Amino acid sequence: MKTISEIKYSEDIYCHPNMSLKQVAKLMRKYNRDKMPVVNIDGTRNVAGFITCQDICHRSLGRGLNPLELSAEDCMTTPAITAKENMLIQDCYNFMNQNSLEVLPVTNEYGEYTGIVSLKEIEEKQQFSHQSTYNQLQLQC
């Protein structure tokens with residue numbers, strides 16, 4: 001059976017906990033992302049959390065705070081939910097569907113960030129016959 005390591009994106013698009021929200025927003029714009037993992041820079045490359053455009057809005061402006069004075073750590077969602085590289089694709093797909101997750105950071109056996117997997121990509125590559133919760137929500141919007 002195939003594992004997540006076979007279909008993940010091995011991209012190095014992530015931010016660091018101490019990165020300013022302005023820097024995070026620039027990265028998101030540059031790479032056309034609305035969410036990204038927050039990876040520690042202490043040498044471990046462990047996933048500290050996950051940050052989305054919605055997190056930035058709700059946890060800064062929504063609280064009356066100035067986003068230019070905040071870092072990724074101030075707005076990220078923790079703890080980070082990750083998928084292990086050796087996780088079976090079907091198990092990951094089911095987990096993401098059950099928890100309405102569009103993407104998951106992927107980690108190796110040491111907990112180090114190695115890439116990202118998306119529900120949409122799993123569906124396209126695996127040709128699952130039923131639609132995910134994510135796709136059903138997209139159709140309603």
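First measure r as the distance between the Cβ atoms of N99 and K22, then evaluate 1/(1 + (r/R0)^6) with R0 = 22 Å and state the FRET efficiency to the nearest 0.05.
Details: r = 30 Å, r/R0 = 1.38.
Efficiency computed from Cβ-Cβ geometry: 0.15.
By per-residue mean of other Cβ atoms within 10 Å, what is the highest-first order of 45-51, 89-95, 1-7? Write out the running numbers ahead of the final one.
Numbers: 45-51: 21.7, 89-95: 16.6, 1-7: 14.7.
Per-residue Cβ counts within 10 Å, averaged per peptide and sorted highest first, yield 45-51, 89-95, 1-7.
Given Cα pairs under 8 Å that are at least 6 residues apart, what percent is the relative contact order of the chain?
Here the relative contact order equals 27 percent.
Does a label point 7 Å from the Cα of Y110, set along Cα-to-beta-carbon, have any residues of the range 31-75 with amide nitrogen under 15 Å, and which are they?
Within reach of a label on Y110, which here means backbone N under 15 Å from a point 7 Å along Cα→Cβ, the range 31-75 contributes 40-47.
Which FRET efficiency value, to the nearest 0.05, is calculated for D34 and M1 with the Förster distance at 35 angstrom and r the Cβ-Cβ distance?
Working: r = 31 Å, r/R0 = 0.89.
About 0.65, to the nearest 0.05.
In the structure displayed, which of K30/K125; K22/K120; K2/K120 lie more than 23 Å apart, Cα to Cα?
Values: K30/K125 26 Å; K22/K120 28 Å; K2/K120 17 Å.
From K30/K125; K22/K120; K2/K120, over 23 Å: K30/K125; K22/K120.
Stokes-Einstein at 10 °C, 1.306 mPa s, Kirkwood radius from Cα pairs: D for the chain in µm² s⁻¹?
Numbers: Rh = 15.7 Å.
After rounding, the answer is 101 µm²/s.
Based on the Cβ-Cβ distance of L65 and E121, what FRET efficiency does E = 1/(1 + (r/R0)^6) give at R0 = 35 Å, to the nearest 0.05? Can you show the working numbers first?
Values: r = 34 Å, r/R0 = 0.98.
Calculated transfer efficiency: 0.50.
Laboratory data are not the source of any read-out in this text; all were calculated from the coordinates shown. Keep in mind it's a predicted model, so treat the numbers as computed, not measured. Heads up, the Cβs are rebuilt from the backbone with ideal geometry, glycines too, and the neighbour counts pull from every protein chain shown.
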